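The values are calculated or read from the model by the stated rules, or taken from the named source; none is laboratory data. Quantities reported herein were computed from a predicted structural model and do not represent experimental measurements. Glycine also receives a Cβ, built like all others from the backbone with ideal geometry; neighbour counts cover every protein chain displayed.
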Amino acid sequence: MNKQFIIASLAILFSIHLQAQEVVLKGKELFGNLEARQIGPALMSGRIIDLENHPTNDRILYAGTAGGGVWKSSNGGASFSSVFDDHAQSIGVVKIDPNDPDNTIWVGTGEIWTRNSVSIGDGLYKSTDGGANWKKMGFENSERIGSIEINPKNSNEIYVGVLGALWGDSEERGVYKTVDGGKTWNKILYVNEKTGVNDLIMDPNDPNTLYAAMWEFRRTAWGFNSGGPNSALYKSTDAGKTWNKIHNGFPKGDLGRFALAIAPSNSKIVYAVVESKEDKGLYRSDDAGASWKLLNGDFGLVVRPFYFSRIVVDPKNPDILVKGGLFGSISRDGGKTFKNLGSMHPDIHDVVFDINNSDRMYVGTDGGVYRSWDGGSTMDMVDNLPISQFYHISVDNEEPYNIYGGLQDNGSWWGPSSSPGGIEARDWNRVGYGDGFRVLKHPTKNIIYSEMQGAQNVWRYDVDKNYTKNIAPLPIKGEADLRFNWNAPMAVSNHQPDRFYMGSQFLHVSDDMGDNWKKISPDLTTNDPAKQDKESGGISTDKSGAETHTTIFTIAESPIDQKVIWVGTDDGNVQVTQDGGATWTNTVANIQGLPKNTWVYHIEASSHHKGTAYAVFDGHASGDMNTYVYKTSDFGKTWKSLVTDEIIGFARNIQEDYVNEDLLYLGTEFGLFITINGGKNWSRFTNNMPAAAVHFIDLQKKTNDLVLGTHGRGVIIIDDISPLRQINQEILVKDVHFFDPKPSIIKEEGGFGGGSTELQFIGDNPSSSAKIIYYLKKRHTFGKMTLSVQDQNGTEIVSLVPGKAKGINIVTWNFRKKGPKVAAGKTFTFSGFTAPRASAGTYKIVLKKGKKQYESAITLQNDPTSLISEKDRIAHNKTTQELFNDMEDLAYLVHKIDQNIKKAEAVLKKVPASQKVTSAVVKELNALKETLVVTTGDNYVDEAEPQLREKLSDLYGEVAEQFEKPSFAQLENQEVLEARLNEAKATYEKINGKQIAKFNKYLEKSGETPAKILSKEEFIKK
Amino acid sequence: MNALKSITVALVLAISTSFYAQTADEIVNNYFENTGGKENWEKLEGITMKGVMKMQGMEIPFEQVMMKDGRQSTTIELQGNKMIWAAYDGKISWSRNQQTMEAEKSDNEATENMKKQTKDWPSPFLNYKEKGYAIELIGKETVDGTETFKIKVTKDPITVNGQSQPNISHYYFDTENFVPIIIEEEIQEGPMKGQKIKMSISDYQEVEGLYFPFSQSSQFQSMDFKEFDLNPEVEASLFAFPEGK
């Protein structure tokens, strides 16, 4: 090897070394303990796909949800906990291994009730510890898994029914079998790349007998097809080796989706609901599928098979069965007749019967889990499943700000980001029916815009008047019908408060809050008639408007120039006008690497530069699961991709930071991704943030809170992301770096909240405390670390619990100083626990880590809305401090009394002859003490009469807690109590000069030391 | 040439070490090795821990005694009153009623579960097989911004509200120094049942040859230790239920 080569190699190594100096922190290394806050709500909950109960323990129940993962209840459905946060949140099936039901749980991801808005899964998972840990067991490209069947005698023998891809061809479908517990899988039944397994069931009494329903189906962005020649029902009696079609008695011709169930108490009885043009309905077989008889074609049984194809038979009675549906139907005569289940949220997807008592049922709906105790007649909703599915959210500028949003099948709502006692169900207000989508607050008036699917209604709600008007744009005479997306776009102008935009295939603008509309664009879509299917559904026509295509989907008016407006369409056009709509340019052809006609999910007009915008494309509805994020800086003439392979999932939304343009927040189908360098690197945010689909992101301007609308885990907030703005290479190489904090406001508030039951979800409030935010290059693990708040002289005000994570640490300080030393009594004085508040001003922050010390400062400010004068604050502080001192004086006095009593009693016990001198001390001091502190009773209804300590601490607590200057009554009371305190001190001195002095003399004579009395300083410090 | 070769070898070594798979046993052994040696941990008969507990804005001085035979006692000082707040004497587990401040016995399930905890001394990982516990390396995970080995420990099932239920905890061992930095446990009853609570542990310091974390904090409370005394002399009255009061 020649010398040159060596030098070249060394140079390469050297340059690698140089590059390595740029610190790139990923995920938790960067975010440290910056945590998300999940605020729900749970009051409308969200779509449930599959319920599964434990075969022997009636307290255990799992719920597989459409977009919120898997939830487990261990108390009979009273409360649920999420057990699947880190994985795909869209669930198809949950299955408990009957041989090891406490521990082994299987989850197939990818929801199977294939509505237009469904998410995707990413395979099969297994837990062997009741859901604590999960391991992926293959099927990465299955997209949707609908069934898992486990041999009740052999846990290694498992069948999986894969429904497969919804929007494209896929060979990863069919029935799969493993005989080695999931290590290897064989495909044992497969039809073609368009046909998947919509249900697979095993005869509970014979594990070799299986039934498989195959379904031919396909969705596009503009249509849905259920059924075809390949839909069929198959049976195997040899553990899946051979399969036979069992259609004896079924209608001829193309069939659609089946619903399928065996009666657990009698394997001969099999029920099937058949989707067909002719003779659709519920079929029953009494000979294990050899022949079928049509029993009933009621609406409740045949409605929307793609959404409702679940039959469940009572485990004890083969003639009681329930069918999912719009309302859910129950039969008690073997399927001949049905009635609706009790009133609950419509769209019933699954039902389970309690293992011991069939009157107890659990039902999964589009609005969460319901419980019944009377065989499905009355229904009670589970109030703690925060799996709400937002399509969109926005925030206002109130304090605390509100969050607005629309949800899948659950209308539109708004609620506060903070509320006394936490964000409760009652804090949320409804602002629309049906499916809810975009909800926007008028920038200056107390008016909210909301809508339902396809802009069937666009509501302008006057909150103060409680008055609603439909303001949807209507077709103009002589022009085309309007095509609105299911999730129709609306926007409020950044420049004209009354200006309101809506998009059909045209862009509409109103300057009077929707009363009158003007069209300011031609048809901005491709207007491709092939994508305007009006007869969607296949075998069962399904016209809901959900498939309306070639529409505008996103509107973005530039925050800098009102004449610059961006429009994105669901068929892939990125249109921009720079003259308020007079002329439009379609810029999509300038984007490299983007497949044609890819849905423009979001355009974000930059708040930094007029020509800058971000566009997020989502191709999932054409089977393309890639991530597409682009940025332009020249009005769309050129575009740059911001995608790296660190991003997981197709993207739906991007938010640009208002301060640091290199800071971007991206929402994908699998969570939140953040870049601090303009898209060069992305980090997934996972601190209390599940892998939920993020449909929309907003950034609140006053608080810098990042607010996420997730489609399955409600609203998730990361409070104050401003530290992320400050991160740069200089900071990342420092051992400790304090971020510049905003001044902390000592809010003058205190109200009443609470009242929710312990089973109702309550969203956490943000911390209202001061925040000390710092970066640690390395986690602190060895040696002492302390964090102290000090006044300007270096006197400690309070010591805090430091955060020790690598990355960003946030430590809160509730503005309180140390509490007073309280006199010892028999019981507690609750006011005595009050710590006085620190005054506004600047404080030193001292972080000690081993031998090193790092300093910063924090500024506290009084509530700017306060009416309290500076003079009053001084008076308040003065009295608080005086009472604080009184409390400690009293404590010290009682300490002296107690020490002397203790000593005297000890001496008396040892030397009975000392009785005269010791009992005088004990008697006098006890008499005094009884007037100072409570010496009897308890903390409840046997409470003793309050003494000086109780009275003093009540006054101290009250004064310290308030913000105003003390009232005359309080000052008068202070005088009274201080007089008593002084009197007590004098009495003590008298006793000290007499009885105690005698006692001490006695002690001296007998060679003993007097009672050990600390100095006041020592006592306070103790 | 030689120089290049050694650089290459070094790089290969660096890569292969980082890919070197650790087993749960190796991680746990490293932990004991790095914190004083297994033998010394086995010799430990008891500890007294003094410190300050911070919760709900209060600072409460405490003294906690834990013994090898399972006896334990927590003394706290509140408003000048020093009292044993909760204790277990090997048979009876008790704590003070907050209204009357009198001692009351824990319910039978809690006492039974306390008895089972005796085996955890001084760490559930020390001779875990003899205790009948199982450990499993779940994988690497980043917690507190730090790469860790996540190890599951399965202890004897406990009984809650009449039902036996699995008792699983997760310990996250720093991959750099093999000490646990987070302990994660499941809430066993009430409406939060099933949710996980994370305890962050840090400020490891040496005490007579053994390393103890001087700081432990969770979302509910934090404990700041000032002093650890090993193998203390203790009086039976520290643990005993105060009868007839």
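When we screen A:Pro559, A:Pro529, A:Pro522 for residues that are over 14 Å from A:Tyr630 (Cβ atoms) and free of Cβ contacts under 8 Å to residues at least 60 places away in the same chain, the only hit is A:Pro529. Of all residues in segment A:743-787, those being more than 25 Å from the chain's Cα centre (by Cα), among the hydroxyl-bearing types (Ser, Thr, Tyr) and either within 14 Å of chain B (Cβ to nearest Cβ) or more than 14 Å from A:Tyr843 (Cα to Cα) (or both) number 4.
Does A:Asn1000 satisfy the condition of being more than 14 Å from every other protein chain (Cβ to nearest Cβ), free of Cβ contacts under 8 Å to residues at least 24 places away in the same chain, over 30 Å from A:Glu748 (Cβ atoms) and crowded, with 19+ Cβ neighbours inside 10 Å?
When the stated conditions are applied, A:Asn1000 passes them.
Among the strands (runs of 3 or more DSSP E) confined to segment B:76-180, the ones with at least 2 residues that are farther than 30 Å from B:Met58 by Cβ, at the interface with chain A (Cβ under 10 Å from one of its Cβ atoms) and β-branched (Val, Ile, Thr) are located at B:134-143, B:146-160.
Could we say that A:Asn356 is buried (at least 22 other Cβ atoms within 10 Å of the Cβ), at pLDDT 95 or above, under 25 Å from A:Asn75 (Cβ atoms) and out of contact with any strand residue (DSSP E or B) (no Cβ under 8 Å at 6 or more places or on another chain) here?
Values: buried (at least 22 other Cβ atoms within 10 Å of the Cβ): no; at pLDDT 95 or above: yes; under 25 Å from A:Asn75 (Cβ atoms): yes; out of contact with any strand residue (DSSP E or B) (no Cβ under 8 Å at 6 or more places or on another chain): yes.
So A:Asn356 does not fit the description; no.
Scanning segment A:238-278 for residues being in contact (Cβ under 8 Å) with a residue 40 or more places away in the chain, closer than 22 Å to A:Arg218 by Cα and among the basic types (Lys, Arg) gives a total of 2. The single condition from (1) closer than 30 Å to A:Gly46 by Cβ; (2) modelled with pLDDT of 95 or more; (3) surrounded by fewer than 19 Cβ atoms within 10 Å (Cβ to Cβ) that A:Phe761 fails is (3). When the residues of segment B:188-201 are filtered to those that are part of a strand (DSSP E or B) and either away from chain A (no Cβ under 12 Å) or in contact with a Gly (Cβ under 9 Å, 6 or more places away or on another chain) (or both), the one that is surrounded by the fewest Cβ atoms within 10 Å (Cβ to Cβ) is B:Met199. Note on segment A:788-810: among residues that are more than 11 Å from every other protein chain (Cβ to nearest Cβ) and in contact (Cβ under 8 Å) with a residue 24 or more places away in the chain, the one that is farthest from A:Leu955 (Cα to Cα) is A:Ile810. Every listed requirement among (1) more than 14 Å from chain B (Cβ to nearest Cβ); (2) part of a loop (DSSP other than H, G, I, E, B); (3) surrounded by 24 or more Cβ atoms within 10 Å (Cβ to Cβ) is met by A:Asn116 save one, (3).
When A:Asp298, A:Asp279 are screened for being surrounded by fewer than 22 Cβ atoms within 10 Å (Cβ to Cβ), on the phi > 0 side of the Ramachandran plot and acidic (Asp, Glu), only A:Asp279 passes.
Strands (runs of 3 or more DSSP E) wholly in segment A:368-423 with at least 2 residues that are closer than 27 Å to A:Ile330 by Cα - which ones?
A:368-372
Taking A:Gly421, is it surrounded by fewer than 18 Cβ atoms within 10 Å (Cβ to Cβ) and either in contact (Cβ under 8 Å) with a residue 12 or more places away in the chain or under 30 Å from A:His602 (Cα atoms) (or both)? Answer is yes for this residue.
Scanning segment A:85-112 for residues that are part of a loop (DSSP other than H, G, I, E, B), in contact (Cβ under 8 Å) with a residue 60 or more places away in the chain and crowded, with 24+ Cβ neighbours inside 10 Å yields A:Ala88, A:Gln89, A:Ser90, A:Glu111, A:Ile112.
With respect to the conditions (1) out of contact with any helix residue (DSSP H, G or I) (no Cβ under 9 Å at 6 or more places or on another chain); (2) closer than 19 Å to A:Leu321 by Cβ, A:Lys280 lacks only one, and its number is (1). Given the structure, is A:Asp634 in contact (Cβ under 8 Å) with a residue 24 or more places away in the chain, among the acidic types (Asp, Glu) and on the phi < 0 side of the Ramachandran plot? In short, no. Name the residues in segment B:78-100 that are within 23 Å of A:Ala891 (Cβ to Cβ) and surrounded by 17 or more Cβ atoms within 10 Å (Cβ to Cβ), would you? Correct list: B:Leu78, B:Gln79, B:Gly80, B:Ile84, B:Trp85, B:Arg96. Taken together, B:Glu243, B:Glu227, B:Glu206, B:Glu185 contain a single residue that is surrounded by fewer than 17 Cβ atoms within 10 Å (Cβ to Cβ) and either among the basic types (Lys, Arg) or not in a strand (DSSP E or B) (or both), which is B:Glu243. For segment A:896-923, a residue qualifies if it is surrounded by 18 or more Cβ atoms within 10 Å (Cβ to Cβ) and over 14 Å from A:Ser1006 (Cβ atoms), and the qualifying residues are A:Lys896, A:Ile897, A:Asp898, A:Asn900, A:Ile901, A:Val921, A:Val922. Please indicate, with yes or no, whether at least one residue in segment A:155-166 is surrounded by fewer than 21 Cβ atoms within 10 Å (Cβ to Cβ) and not in a strand (DSSP E or B). Scanning segment A:155-166 turns up no residue that is surrounded by fewer than 21 Cβ atoms within 10 Å (Cβ to Cβ) and not in a strand (DSSP E or B). Residue count for segment A:371-417 under the criterion of being within 14 Å of chain B (Cβ to nearest Cβ) and in contact with a helix residue (DSSP H, G or I) (Cβ under 8 Å, 6 or more places away or on another chain): the result is 1.
Here segment A:203-250 is the region considered, the condition is being among the charged types (D, E, K, R) and closer than 20 Å to A:Glu143 by Cβ, and the residue that is surrounded by the fewest Cβ atoms within 10 Å (Cβ to Cβ) is A:Arg218. For segment A:47-72, the tally of residues that are surrounded by fewer than 24 Cβ atoms within 10 Å (Cβ to Cβ) and among the hydroxyl-bearing types (Ser, Thr, Tyr) stands at 1.
Condition first: in contact (Cβ under 8 Å) with a residue 60 or more places away in the chain, among the polar types (S, T, N, Q) and either touching a Leu at 6+ places or on another chain (Cβ under 6 Å) or closer than 23 Å to B:Pro61 by Cα (or both). Can you find one or more residues in segment B:194-212 that meet it? Scanning segment B:194-212 turns up no residue that is in contact (Cβ under 8 Å) with a residue 60 or more places away in the chain, among the polar types (S, T, N, Q) and either touching a Leu at 6+ places or on another chain (Cβ under 6 Å) or closer than 23 Å to B:Pro61 by Cα (or both).
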